[in-house]
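A.B. asks: Before we start, here is the structure in question, set down as structure tokens.
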Amino acid sequence: MFMKPNPSLSRREFLKASVAGAAGATAFPTIIPSSVLGAAAPSKKIQIGQIGCGRIANDMDMTGILKHDIARIVAVCDLDSKRMAAAKERVEKHYAAKTGSGAALEVKGYGDYRELLKDPRIDAVAVSTPDHWHSEPVLAAALAGKDIYVQKPLSMTLAEGRAVSDIVRSKNRIFQIGSQQRSGKQFLLACELVRNGRIGKVHTVRIGLPTDPAGEEEPEMPVPPNLNYEMWLGCTPLVPYTEKRVHPQNSISDRPGWLRIESYCLGMITGWGSHHVDIGHWGMGTELTGPIEIEGKAEFPRKGLWNVHGPYHIEMKYVNGATMIIDNKFPNGIKFEGSDGWIWVTRGSARTTASDPATAFGKALDASDPKILNYTFRSNDLRLHKSDDHHLDWLNSIQSRQPAVTTVEEAHRSTSACILGWVGMKLGRKLRWDPVKEVFIGDEQANALRSRVECTPYGTKQVLKKA
């Protein structure tokens, strides 16, 4: 049975007492000398530390970085030693095959991201962790002088996002978030057409997102000896381990259960919403601000392990007069509606990972009049940052020290709009928001949801306190 917490013990001590061997990092050999590889040595390239080695890291981030010769993944980190060892082996085999030498590159393995950040040879990190583990390592990496790629959403709370944006910018770090739709040709074209008035004045942006199913109660299970469950929980409350709370032990490709638990993810409103709201902002030219009014409603499961929102409807008004409407009944994508027509954009047949929720994307790019899409841009038209490869765009930015396609403030604003929608769903009434001060106007209950209690020794507050 699950032990009752002893108030005199820290959470770390409690878990060590209740589950022997749950924590602990696995040590691996250090990086080999650059002389082994000569001109191809890691010291000649951008040296990357991969933090988080699960589904998204394997499908997206490690894959996206490994294909570019201007960078080397020289370290991997995961709280699950099995996943970390698998990532280490994958990266080493990749470089061995590329060089034709079995002694290509010895990748260092870590069980604690804080140890990885101490390595002065690492220039940048890619953070592919569960949502509740995004803000803390990003903050710590910026303070350690590392450039950062992080999966979306940027944060779990409004307060976290503001802290991350402020610190990353103050430390002049190159930043990119996993908003890879900005590196998709149809999304760039759609937003440039909207920004240049091809559909007139925008009055409505309709966004369709999927939903996740509720779950049943799950039995308590022993913590696997390869998983540092205490640290995996991070700043969230202490709860019994069960596999469907964390991730599958015998699969990396399947969707993990944490995606459907509010302590670790707010649901599809941030999971998919971070992508589509970001494009909505990019097209409207509101990527550095937020809505001024929010109203939402949603169904939330009343029992079971998986408790993120179900069906929902959100309306958010912006100072430019446009209204963003987000509804699970809409097709998956973004529809810009203006005084002179509309433009629809989505991923088409593309999916982020094979295990994403099944959904019909429809036509990748469409308009009320085909002539809208055949527009020839003029020299004085507004053109947006062009990126054909999201990870390469980040790597190029590290070299040039110029901003990547998505800045940290833009990432914060798209994530914060999603979180505002979540607050609206939770409270079920109209809310007024000040996008400059980032506070709800005259609503203490709503303002209390701008942050959450963090369990020490983890969380962004602890990182800032130590700094």
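The values are calculated or read from the model by the stated rules, or taken from the named source; none is laboratory data. All values derive from a computational prediction rather than experimental measurement. No Cβ is skipped: glycine too gets one built from the backbone with ideal geometry, and neighbour counts run over all protein chains shown.
A.B. asks: Mind checking which strands (runs of 3 or more DSSP E) fall wholly inside region 286-342 and carry at least 1 residues that are free of Cβ contacts under 8 Å to residues at least 24 places away in the same chain?
C.D. replies: 312-317
A.B. asks: If I go through region 397-419 residue by residue, how many of them are surrounded by 14 or more Cβ atoms within 10 Å (Cβ to Cβ) and without any contact (Cβ under 8 Å) to a residue 60 or more places away in the chain?
C.D. replies: Number satisfying all stated conditions: 0.
A.B. asks: Checking ARG55 against (1) in contact with a helix residue (DSSP H, G or I) (Cβ under 9 Å, 6 or more places away or on another chain); (2) surrounded by 22 or more Cβ atoms within 10 Å (Cβ to Cβ); (3) not aliphatic (A, V, I, L, M), which test does it fail?
C.D. replies: Failed condition: (1).
A.B. asks: Write out, first by first residue and then by second, each pair whose Cβ atoms fall under 6 Å of each other, whose residues are 6+ apart or on separate chains, and whose first residue, in region 432-453, is touching a residue at least 24 places away in the same chain (Cβ under 8 Å) while the second is among the acidic types (Asp, Glu) and buried (at least 17 other Cβ atoms within 10 Å of the Cβ).
C.D. replies: ARG432/GLU293
A.B. asks: Another one. With in contact with a helix residue (DSSP H, G or I) (Cβ under 7 Å, 6 or more places away or on another chain), surrounded by 20 or more Cβ atoms within 10 Å (Cβ to Cβ), in contact (Cβ under 8 Å) with a residue 40 or more places away in the chain and closer than 30 Å to GLY285 by Cβ as the only criterion, which of VAL223, VAL202 stands out?
C.D. replies: VAL202
A.B. asks: Out of all the residues in region 112-160, which are more than 30 Å from ILE269 (Cβ to Cβ) and free of Cβ contacts under 8 Å to residues at least 60 places away in the same chain?
C.D. replies: ARG114, LYS118, PRO120, ALA144, GLY145
A.B. asks: Could you run through region 153-169 and say how many residues are buried (at least 24 other Cβ atoms within 10 Å of the Cβ) and in a loop (DSSP other than H, G, I, E, B)?
C.D. replies: Here the count works out to 4.
A.B. asks: Answer yes if at least one residue in region 288-307 is surrounded by fewer than 22 Cβ atoms within 10 Å (Cβ to Cβ), small (Gly, Ala, Ser), at pLDDT below 95 and over 20 Å from the mean Cα position of the chain (by Cα), and no otherwise.
C.D. replies: Yes: region 288-307 contains one or more residues that are surrounded by fewer than 22 Cβ atoms within 10 Å (Cβ to Cβ), small (Gly, Ala, Ser), at pLDDT below 95 and over 20 Å from the mean Cα position of the chain (by Cα).
A.B. asks: Further, regarding this structure: Every residue in region 323-336 that is surrounded by 19 or more Cβ atoms within 10 Å (Cβ to Cβ) and touching a His at 6+ places or on another chain (Cβ under 6 Å), please.
C.D. replies: Result: ILE334, single match.
A.B. asks: What pairs can you find where one residue is in region 168-192 and touching a residue at least 12 places away in the same chain (Cβ under 8 Å), the other is among the charged types (D, E, K, R), and their Cβ atoms are less than 6 Å apart, with a gap of 6+ or different chains?
C.D. replies: Within 6 Å, the pairs are ARG173/ASP147; ILE174/ASP147; ILE177/LYS152; GLY178/LYS152; SER179/LYS152; SER179/ASP278.
A.B. asks: When you scan region 293-320, how many residues do you find that are of a type outside the set (Asp, Glu) and either touching a helix residue (DSSP H, G or I) at 6+ places or on another chain (Cβ under 7 Å) or within 16 Å of ARG432 (Cβ to Cβ) (or both)?
C.D. replies: Going through region 293-320 one residue at a time, the tally reaches 15.
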